[in-house]
């Protein structure tokens, strides 16, 4: 069973770029719901981008020994500690292939596309992957991400083929990382949205039931509903600093259920509260939110929102950010990391320390 994609992704991105950067105007919110473009021809009839070569630094969004967006920190209260980190994170970015394709590659993005790479680096790597740089060395591959339409198309065969091609790249990058970079170190698997789908599959097919499980610390499978019993052994984390488990949530406004709630698998999804790191349904107040990061990564907002696990999804109250009076947002998909940035960073550190202590 695969994960299902949250709806209206592009609309959410457009709104949150304004909401979390506090530089927009009300007119930005009048856009119609996002309708994914219909891709020309099927997957089999369309050219495929060239295979990535993971021996090349340019095939990675982030590596510990290169200068990239993953080295960034939001203020002087935190530091990039990759040089001394004892644990790695293998991070898979979400879908940024959203518009009508501008070249011959329709179903999967070309990792040599400079415009696309800039979009990935300045959004996901900057806002999401950086949460790990206080405790982990960051390895984030470029991959031939499937176009957003792969999740919505009526051509299910082509959509599945595009996602499989993307996954094969992620798997190839992971094995290159193991052979050439890992050197037996513990690792975390993390992703967001499409990246979470590939990360979950990687754990299920390549890590569970193998010797690699001994190096597995934890996982952050964010922005996609993870079904009950998706993994045979690994369970949802249910206390702060827990290891050998996974953290997952999909963020929505309080009292809101997405229209595809049941069909997308939210009803039976596993969810943890990133303000308490438990799975109970208690409201955890905003005073427990150590700080969110604005989308432009230029402002920390403490006590930005509360959080509550409710029937497979995470409910929050309206985030306390400039411009919120102009918005009636229900789906906070693109901000799954941003809203809890400092809490996630602390939990990563706790999980890493607990894992290392257990090995002494």
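Can you pull a Stokes-Einstein diffusion coefficient for region 119-182 at 10 °C (1.306 mPa s), Rh from Kirkwood over Cα pairs, as a whole number of µm²/s?
Translational D for this selection: 118 µm²/s.
With contacts defined as alpha carbon pairs under 8 Å and 6 or more residues apart, what's the relative contact order of the chain in percent?
Working: 741 pairs, mean separation 69.6, N = 360.
It comes to 19 percent, rounded to a whole number.
Compute the projected area of the convex hull of the Cα atoms of region 80-128, averaged over all viewing directions, and report it in nm² to one decimal place.
On the way: hull surface 17.7 nm².
Hull-based average projected area comes out at 4.4 nm².
Taking N as the number of residues in region 209-360, what is its alpha-carbon radius of gyration divided by 2.2 N^0.38 Å? Kindly include the intermediate steps, with their values, before the conclusion.
Values: Rg = 15.7 Å, N = 152, 2.2 N^0.38 = 14.8 Å.
Here the Cα radius of gyration is 1.06 times the empirical estimate.
Quote the Stokes-Einstein diffusion coefficient, in whole µm² s⁻¹, for the chain, based on the Kirkwood radius over alpha carbon pairs, a temperature of 20 °C and a viscosity of 1.002 mPa s. If you can, show how the numbers build up before the last one.
Working: Rh = 20.3 Å.
Reported coefficient: 105 µm²/s.
Based on the Cα gyration tensor of region 99-240, what are the three equivalent ellipsoid semi-axes, each the root of five times an eigenvalue, rounded to whole Å and given largest first? Write out the running numbers ahead of the final one.
On the way: eigenvalues 134, 69, 44 Å².
The equivalent ellipsoid of region 99-240 has semi-axes of 26, 19, 15 Å.
Can you tell me the length gained on complete extension of the stretch residue 66 to residue 211, counting 0.36 nm per residue apart and subtracting the Cα distance? Kindly include the intermediate steps, with their values, before the conclusion.
On the way: separation 145, 0.36 × 145 = 52.20 nm, distance 2.93 nm.
The span from residue 66 to residue 211 would gain 49.3 nm if fully extended.
A short reminder: the numbers here are calculations on the coordinates, not readings from a lab. Everything quoted here is computed from the prediction, not taken from an experiment.
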